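Please read the structure below before turning to the comments.
The values are calculated or read from the model by the stated rules, or taken from the named source; none is laboratory data. The shown structure was predicted, so the numbers you read here are calculated from the model rather than taken from an experiment. Glycine also receives a Cβ, built like all others from the backbone with ideal geometry; neighbour counts cover every protein chain displayed.
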Amino acid sequence: MNSAPASQTQNSRELEAARSRHLWGHFQVMTAGAPGNAVPIIVRGEGCHVWDAEGNRYFDGISSLFCTNIGHGRAEVVQAGADQARKLAYFPNWTAAHPQAITLAQRIASLAPGDLNRVFFTSGGSESVESAIKLARHFHKLTGQPRKTKFIAREIAYHGSSLGALSATGIPGLREPYEPLAGGGLHVPNTDAYRFTGQNPLELAEAIRHKIEFEGADTVAAVILEPVQNAGGCITPPAGYFARVRDICDEHDVLLISDEVICSWGRLGAYFGCERLGYRPDIVTTAKGLTSAYAPMGAMIFADRIAEAFIESGSPFLHGYGFGGHPVCAAIAHANLDIIERERLVDHVGEHEAAFRGMLESLRDVPIVGDVRGMGYFHAIELVKDQATKQSFNAAECDWLLRDFLSPELLRRGLICRADDRGEPVVQLSPPLIATPEDFEEIHAILRPVLEEAAARLDVTGDPGNFHATEEER
C-alpha cells in the first residue's frame, strides 16, 4: 500500500523510516536491517559545515561530492536561479538557444586554455564523459578514419556510470554487474608513484603508446585521463607525464580528453587541472564545481579543430540531453563563477595549499599512514599495515578499518570525508575552496585521534587479521 505524502516537518525518525522504505540510494548498500544501514539525513548547510536532521554539525571535508567549491548557503546563487525561473524557467538547446546558455558558453570558453572554444552542456559528469566519447568517435568518422572507436583510460580510474563512461572506468567491481558494456574501453596502469616498481615513471606514459600500437593506431579514438586521478586516492602524475602523453596522442592522431569533472573550477588551484599541469587537451569534461552543485550541470569543452570537422561537413552531432544548458542551471553557474572570481578562490587555494598539505603530512607519525598525495584542495592519505614495507591490510582488516571503524567514527565526531578502497585503502579530503588554515585544524583535531585509535586497535606487526576489535565489530 502506498504511504501518504511526507510532511515537510517530519522528525528524524520518521525521515529515516521513509528513506529506508522508499529512497533507493546511489552506490549504497540497501540491505534492510543491516547494522549501521542508517545514513545521516542532511538538512542544512552553511560555509564549510552541514547539519543533519538531529542537529549534529559536520565539517564537509569532501565538499559534498567534490562539488560545493564556494561552500554552502550562498543566497545570491539561489536568488540568481529564482530570478531566471521567473523570466524563463526552461527551454531546450535543441533547434533554439537562450541567453543564459549562450553567455555561459562564452564565459567558459574565455576561461578555458588554448583553443577550447566550443561548449556542449550536460546535466553532470557521466553525461559529459559520454558526450566526449561520442564526439571523439564521430570526429574520426568525419575525418576519414571510421575504425577509430577505442579509447584508453587508466586502471582504477572512475569516469562515470553510464554505459560508455563505465567502459572507460577502470574499476572491475563497478563494471561487472552491467557487462557487456559499450565496447572500446582499454586500460593501462595508473600513475601511483607510491607503489610504482619500475625504473622510470615515464614508463607509465609509454604504456599508453604501447597500448595504441598494440591495438593499432587506426582503431584508437581517444585517451581519457584525469589530471589527478580520484579513485585510488588523488593519484598525481610524475613530472613530464602529460607532456609525453600529448606527444604520443599527436603522433598517432588520437584525441586527448582531460576528465576534469572534479579537477576544474579551482579544485587544483587553477581554473582547469590541465592548466596546473601544463598540458593541452583536445576535450575537457567538467561538472560539479561549475555550479558548486547548487544545480545539476556539466559541460564538454572542445577544440575548434574538432568543431571544424562538423562545420565543414555539414554533419550534425546527433547527441543531446533534455536539460543540457538549462537556463536556471546556467544562471546559477554564472552566479557561482562570479563568487569564485570576486573572492579570488582559485588564488586562495594556491595560497593555502601548503598549509592543507602540511596538516596532512603531520600525520605521517601515525603508524598506519603510508602516503600523503594530491594537489590543491584535493588530497588523500593511503593507509598501510607497515610503513617501511608498504604492506597492505588483508581483506578482513581493510573491511573493519574502513567500513566498521573509520567511516562511522569520523562521522560520529563530525567529519565528512571518504574512506575508500577502490585500490588501496585511503582517506580522501577535498574541502570547499573557501576553507582556511583554521578549518584545516578542525579537520586535524578529528582525523588524528581517530587514525591513532585505528592504529592502536590494529595489530600491525603480528598475525594478519589479529586486530583488537570488539566481538560486535568482528
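Taking Trp51, is it of a type in the set (Phe, Trp, Tyr) and closer than 20 Å to Ile301 by Cβ? Criteria not met by Trp51. Restricting attention to region 413-435, does a residue exist that is surrounded by fewer than 16 Cβ atoms within 10 Å (Cβ to Cβ) and either under 20 Å from the mean Cα position of the chain (by Cα) or not in a loop (DSSP other than H, G, I, E, B) (or both)? Within region 413-435 (the criterion being surrounded by fewer than 16 Cβ atoms within 10 Å (Cβ to Cβ) and either under 20 Å from the mean Cα position of the chain (by Cα) or not in a loop (DSSP other than H, G, I, E, B) (or both)), the answer is no, since none of the residues qualifies. What tally of residues in region 121-139 results from selecting those that are aromatic (Phe, Trp, Tyr) and touching a helix residue (DSSP H, G or I) at 6+ places or on another chain (Cβ under 6 Å)? Qualifying residue count for the region: 1. Checked against the criterion of being closer than 30 Å to Gly45 by Cβ, of a type outside the set (A, V, I, L, M) and touching a helix residue (DSSP H, G or I) at 6+ places or on another chain (Cβ under 7 Å), region 242-259 contains one or more residues that satisfy it. For region 42-55, the candidate set comprises residues that are surrounded by 16 or more Cβ atoms within 10 Å (Cβ to Cβ) and not in a strand (DSSP E or B); within that set, the residue that is farthest from the chain's Cα centre (by Cα) is Ala53.
Rundown of residues vs (1) buried (at least 16 other Cβ atoms within 10 Å of the Cβ); (2) modelled with pLDDT under 95, yes/no style:
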position	(1), (2)
Lys141	yes, no
Leu166	yes, yes
Pro172	no, yes
Val188	yes, no
Asp192	yes, no
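Could you tell me whether Arg357 is at positive phi and out of contact with any helix residue (DSSP H, G or I) (no Cβ under 8 Å at 6 or more places or on another chain)?
Numbers: at positive phi: no; out of contact with any helix residue (DSSP H, G or I) (no Cβ under 8 Å at 6 or more places or on another chain): yes.
Here the answer is no, as Arg357 does not meet what is asked.
Residue selection: Val261 fails the criterion of being buried (at least 24 other Cβ atoms within 10 Å of the Cβ) and closer than 22 Å to Thr149 by Cα.
Among residues belonging to region 222-249 that are small (Gly, Ala, Ser) and more than 14 Å from the chain's Cα centre (by Cα), point out the one that is nearest to Tyr279 (Cα to Cα). Within region 222-249, the match that is nearest to Tyr279 (Cα to Cα) is Ala243.
Yes/no per residue for (1) modelled with pLDDT of 95 or more; (2) touching a Gly at 6+ places or on another chain (Cβ under 9 Å); (3) under 30 Å from His98 (Cβ atoms):
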position	(1), (2), (3)
Ala330	yes, no, yes
Leu337	yes, no, yes
Ile340	yes, yes, yes
Val349	yes, yes, no
Arg357	yes, yes, no
Ser362	yes, no, no
Asp365	yes, no, no
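Filtering region 101-126 to residues that are in a helix (DSSP H, G or I) and touching a strand residue (DSSP E or B) at 6+ places or on another chain (Cβ under 6 Å) leaves Ala105, Ile108, Ala109, Gly125. Residues that are in contact with a Leu (Cβ under 6 Å, 6 or more places away or on another chain) and either closer than 23 Å to Ala380 by Cβ or β-branched (Val, Ile, Thr) (or both) do not occur anywhere in region 123-132.
Which of the residues spanning region 57-100 are assigned to a strand (DSSP E or B) and more than 22 Å from the chain's Cα centre (by Cα)?
Arg57
Within region 142-159, residues that are not assigned by TED's automatic domain parsing to the domain that holds Ala205 have Cβ atoms under 7 Å from residues that are β-branched (Val, Ile, Thr) and modelled with pLDDT of 95 or more in no pair, counting only partners at least 6 apart in sequence or on another chain. In a residue-by-residue description of region 265-285, the property of being in contact with an Asp or Glu (Cβ under 7 Å, 6 or more places away or on another chain) and surrounded by fewer than 24 Cβ atoms within 10 Å (Cβ to Cβ) applies to at least one position.
Take the conditions (1) touching a Ser or Thr at 6+ places or on another chain (Cβ under 9 Å); (2) at pLDDT 95 or above; (3) among the β-branched types (Val, Ile, Thr); Val78 misses just one of them, which is (1). Any residue at all in region 73-84 that is more than 30 Å from Phe378 (Cβ to Cβ), touching a residue at least 24 places away in the same chain (Cβ under 8 Å) and surrounded by 13 or more Cβ atoms within 10 Å (Cβ to Cβ)? There is at least one residue in region 73-84 that is more than 30 Å from Phe378 (Cβ to Cβ), touching a residue at least 24 places away in the same chain (Cβ under 8 Å) and surrounded by 13 or more Cβ atoms within 10 Å (Cβ to Cβ). Residues of region 446-460 that are under 12 Å from Ser362 (Cα atoms) and either buried (at least 20 other Cβ atoms within 10 Å of the Cβ) or without any contact (Cβ under 8 Å) to a residue 12 or more places away in the chain (or both): Leu447 alone.
For region 160-201, a tally of residues being of a type in the set (D, E, K, R) and without any contact (Cβ under 8 Å) to a residue 24 or more places away in the chain returns 3.
When region 310-331 is limited to residues that are among the hydrophobic types (A, V, I, L, M, F, W, C) and touching a His at 6+ places or on another chain (Cβ under 9 Å), the one that is farthest from Gly125 (Cα to Cα) turns out to be Phe310.
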